[in-house]
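Take a look at the structure set out below.
Read-outs throughout are calculated quantities, based only on the coordinates presented, and are distinct from any laboratory measurement. Because the structure is predicted, anything quoted here is derived from the model rather than measured. We place every Cβ from the backbone using ideal geometry, glycine too, and count neighbours over all the protein chains shown.
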Amino acid sequence: MSFKRDEVTLLDGAISGRIAVPDETAETPMLVLVHGGGANALSMDIPGHSFIGTAARCGFPAIALNRPGYGGSSTLGFPADSDDGLLAANASRLIDAIGEAWERYGRNTPGVVVYGSSVGGAVVLHLASQWSEQSAPTWPLLGVATADVAQKPPQKALDAWHGTPVTESVNIAALQPLLDAPPLWTIPTYAFDPSALPGVFAPVIRAEMMEIIGGWARNWKEIATSITVPVHYRLAQYDTFWQVAPELIDEFATALRAHAPYVDAGVFAGSAHGLADSPAGDEYFHLVLGYALRCAANLRTPNCCRPDGNQPGLLRAITALMPPMRAGTAGWVEEETRDGDTIGDAGDQHSFRHRTRLSRHRAGSGGAADGHWQSDNQMRRQPNRTSPPNQLTASGWYRQRT
């Protein structure tokens with residue numbers, strides 16, 4: 001599929017990036033790509049290895065954003081010795097930028113899937129956490145995909161970062177000799193000569209790397225457990241910035257599953273840190289695209305990302321697509337999840353076990369004056385005309401009635 005590339009600026013120039021838009025429209029989500037430390041949006045559009053190009057050829061509108069302080073995006077001004085707060089501030093600004101991008105480029109898509117690598121992966125998890133806590137999001141987040149970020153850096157990485165000069169930015173290439181080296185065959189050929197790709201690599205902002213081994217290492221679990229949208233998570237087999245072990249992957253996935261309705265977590269074989277840039281990076285691109293399609297299918301068939309019957313994030317995403325309902329509009333939407341294998345008509349029951357929810361509110365009666373749907377942080381402004389089709393499974397059902 002053919003597509004067009006262009007530069008993009010958002011928030012009056014505070015955020016910049018690159019966009020690739022397919023010439024033909026499709027029922028695919030808009031992808032937003034967030035780079036790691038020491039890179040920029042160009043790293044998502046490397047000739048012959050372009051994530052946004054691959055996405056656009058597959059029918060996805062894709063935007064690679066420069067995080068604050070990179071590639072022309074305005075800095076957030078954190079001091080070089082800070083070790084907390086910068087990643088959350090990145091996420092907050094990107095939420096606003098994505099909202100503007102959604103208005104410009106995404107209104108004809110089912111919603112947004114956000115991908116982040118390394119420090120960008122931590123920022124994307126912060127973003128998902130902040131979005132999950134919004135009562136009325138302005139754009140629909142269908143899911144997030146993260147890679148190259150974990151919870152426990154090896155001692156060599158800690159020593160390397162603590163030993164850097166306290167300056168605004170640090171040349172990450174100078175740190176490579178201080179870290180364990182992955183197998184050479186896992187490293188992309190262009191990494192051996194960064195000068196061949198001018199403008200793609202940049203000094204890393206020291207404060208964000210100090211936070212990765214500081215505030216992030218302290219707070220990652222609180223962030224992960226607050227996310228209510230689907231998550232795709234991969235860590236490279238030969239990552240030398242993080243400890244890689246089955247029990248650590250399980251710990252990370254377990255935290256995400258606290259409230260995320262769907263978590264696909266694991267190790268990506270045959271790759272080093274920056275797994276999307278590995279020789280098998282194209283495979284990873286398509287894994288993320290396939291996951292994005294699942295997130296979109298989940299709007300039509302909620303059980304696609306609902307193995308445990310708990311799905312607050314999807315309803316919140318649908319809400320962001322919907323205009324407010326007028327008071328007095330006829331009809332109601334009811335959602336129930338219940339434990340066990342017995343399914344029956346809930347009627348007017350309101351007593352369910354932990355993590356089950358019932359939503360049944362007539363517009364303009366007993367709820368908000370503007371007729372918004374409200375129920376247990378699961379249903380917001382959900383007009384009956386766009387509710388998913390009838391679904392009946394052993395884990396729960398979704399029913400629309402007018």
I'd like the antiparallel share, as a percent to the nearest 5, of DSSP beta bridges with both residues in the stretch 3-303. 40
Please list, in order along the stretch 105-118, the HN-Hα scalar couplings obtained from phi with the Karplus expression 6.51 cos²θ - 1.76 cosθ + 1.60 (θ = phi - 60°), rounded to whole Hz, x for Gly and Pro. 10, x, 4, 8, 9, x, x, 10, 10, 10, 10, x, 10, 6
How big is the stretch 3-303 on each of its three principal axes, counting only the C-alpha atoms and giving the largest first in Å? 49, 42, 38
Ranked list, fewest to most other Cβ atoms within 10 Å of each Cβ, for C305, C295: C305, C295
Inter-label distance for R104 and K156, nm, one decimal - labels placed 7 Å from Cα along Cα-to-Cβ: 4.2
Taking R0 as 60 Å, what FRET efficiency do you get between F192 and T138 from their Cβ-Cβ distance, rounded to the nearest 0.05? 0.85
Tell me, what ³J(HN,Hα) does each residue in the stretch 230-238 have, in order and in whole Hz, if you take phi through Karplus 6.51 cos²θ - 1.76 cosθ + 1.60 with θ = phi - 60° and put x for Gly and Pro? x, 10, 10, 9, 9, 10, 5, 4, 10
Here the Cα Rg-to-2.2 N^0.38 Å ratio for the stretch 48-126 is 1.21
If you average the C-alpha positions of the stretch 109-132 and of the stretch 176-199 separately, how far apart do those two centres end up, in angstrom? 26
Relative exposure of T164, T301, judged by other C-beta atoms within 10 Å (fewest first): T301, T164
Fewest-first sequence of R104, R206, R257, R67 by Cβ atoms within 10 Å of each Cβ: R104, R257, R206, R67
For the stretch 73-232, inverting the pair-averaged 1/r of distinct alpha-carbon atoms gives a Kirkwood value in Å of 17.3
Set the Förster radius R0 to 25 Å, insert the Cβ-Cβ distance between D84 and L248 as r into 1/(1 + (r/R0)^6), and round the FRET efficiency to 0.05. 0.70
Label points 7 Å out from Cα along the Cβ direction at K4 and A217: separation in nm? 4.8
Whole-Hz ³J(HN,Hα) for each residue in the stretch 271-278, computed from phi via Karplus 6.51 cos²θ - 1.76 cosθ + 1.60 with θ = phi - 60°, x for glycine and proline: what do you get? 8, 10, 4, x, 4, 5, 8, 6
log10 I(q)/I(0) for the stretch 1-59, Debye formula on C-alpha points only (no solvent), q = 0.21, 0.25 Å⁻¹, two decimals, reads -0.85, -1.11
From the Cα centre of the stretch 32-84 to that of the stretch 238-284, the distance in Å is 20
